[in-house]
1. With the cut-off at 1.5 for a/c, could you classify the stretch 263-334 from its C-alpha gyration tensor as rounded, prolate or oblate?
2. DSSP loop (so not H, G, I, E, B), at most 12 other Cβ within 10 Å: list which chymotrypsin sites (Phe, Trp or Tyr not before Pro) in the stretch 40-149 pass both filters.
3. Using only Cα atoms, what Kirkwood radius does the chain have, in angstroms?
4. What's the Cα-based Rg to Rh of the stretch 122-221, Rh via Kirkwood?
5. Considering only protein heavy atoms, what per residue accessible area in square angstrom results for the chain with a 1.4 angstrom probe?
6. In percent, how large is the relative contact order of the chain, given Cα pairs closer than 8 Å and 6 or more residues apart?
7. Taking 30 Å as R0, compute the FRET efficiency from the Cβ-Cβ separation of residue 356 and residue 295 and round it to 0.05.
8. Near residue 302, which aspartates and glutamates are there with a Cα under 17 Å away, not counting those fewer than 8 places off in the same chain?
Amino acid sequence: MNQRTPAAAAAVVLVAALAVVALLKPLPYTTYAPGPTIDVLGAPGGTEIIQVGGDQKTYRDDGQLRMTTVSVTPKDTNLNLFEVMAAWLDRSDAVYPKDAVYPDDKTADQVRDEGQVQMVSSQDTAVAVAEKALGYPVTPSLEVTLIADGSPADGALAVRDLIRKVNGTPLSDDITKASDQLRSAVKATPPGQQVTLTVLRDGTEVDVPLTPEQPTTDLFGVVTVTGSPQLGIFLGQGFILPFPVTVTIDPRIGGPSAGLMFSLGIYDTLTPGSLTGGAAVAGTGEIAADGTVGAIGGIQQKIVGAREAGAQLFLVPADNCDDAKGAHNGDMRLVKVDTFDTARSAIEAWAKDHDAKLPSCS
């Protein structure tokens, strides 16, 4: 036997092993894929997603207003070359550097918490926008959007508590000023002393005394104070409303991008007839308190998901138009929207005539 044969065989095995290692080596990328769409006018399991409190009359119809989602590789999941290439070759998916999607200075839990805070804020803003569009008075207020486990606020405050006073002093209706007022009061509280928050909860003002916690580190038995006193709450913009509206979806879904569809769904629920004319409309977009529609991520994947779910019309935030032009929408119409009012008007016009001239990204 040729002496080179064993050496060649060993080399082939080594190269193959190295190739396998290279192919399975974790790569710093994450993928976007079309996620599920959810009809916000629906009632999965017999429970309506949009529920209106009080004696307010509601109108249910057979139209669909679908929020869209993107399936994103979790931060703590590592992809290999096979998985990255499969996503890159799939026309419906996208590949991004992981640090462009998940900042290095945030843990997976922090990313999840931020997504939940954004979801709470988007729902509350959507309710306010819809009620204002119907002529109801709406007053902004500082709101609790998330509570850290084991913090001073845990068990004392509740998500969606509206903070109206601190130590008896009313807070400004300007959210930035109100946040500064609260932080200053907490920071000025002597160690071991309490600060009292007056919150509006279910229409009733409640005084909640809390003892701020000093963040510390323990290094070799030496405890050092490392920051300002904290209550363990995340703050956002809430609203005092004439009647409550709740939006209930899977808590694993986070982010602000469903705000526009929530607001349209609430408006439709509170007005006679079907906003969509009984058809399926999908869309996306962050909603601001003044009704402005903001850009979101994953627009191409959301368009594909909506098309696959049978939507006939898709609402595209104006600032996402350039990216939307490359999406595979089939015969589903793409409509450019920049405010709640333009979105509502576009749906109303389309419901009357599917060939109506509508704002377009092209």
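The values are calculated or read from the model by the stated rules, or taken from the named source; none is laboratory data. In this text the structure is predicted, and so the values were computed from the model without any measurement. Positions of Cβ are generated from backbone atoms using ideal geometry, with glycine treated the same way; all protein chains shown enter the neighbour counts. Please note that ligands, DNA and RNA were not included when accessible areas were found on the heavy atoms of the full protein model with its side chains. Shrake-Rupley method; radii C 1.70, N 1.55, O 1.52, S 1.80 Å.
1. Numbers: a/c = 2.65, a/b = 1.23, b/c = 2.16.
Cα axes put the stretch 263-334 in the oblate bin.
2. Numbers: sites: 59, 82, 88; in loops: 59.
Of the chymotrypsin sites (Phe, Trp or Tyr not before Pro), the ones in loops of the stretch 40-149 whose Cβ has at most 12 other Cβ atoms within 10 Å are 59.
3. Details: mean 1/r = 0.0430 Å⁻¹.
The answer is 23.2 Å.
4. Working: Rg = 15.8 Å, Rh = 15.1 Å.
Rounded to two decimals, Rg over Rh is 1.05.
5. Details: 18500 Å² over 362 residues.
Per-residue value: 51 Å².
6. Working: 721 pairs, mean separation 75.9, N = 362.
After rounding, I find 21 percent.
7. The pair residue 356/residue 295 has a calculated efficiency of 0.75.
8. 39, 90, 93, 286, 319, 322, 323, 331
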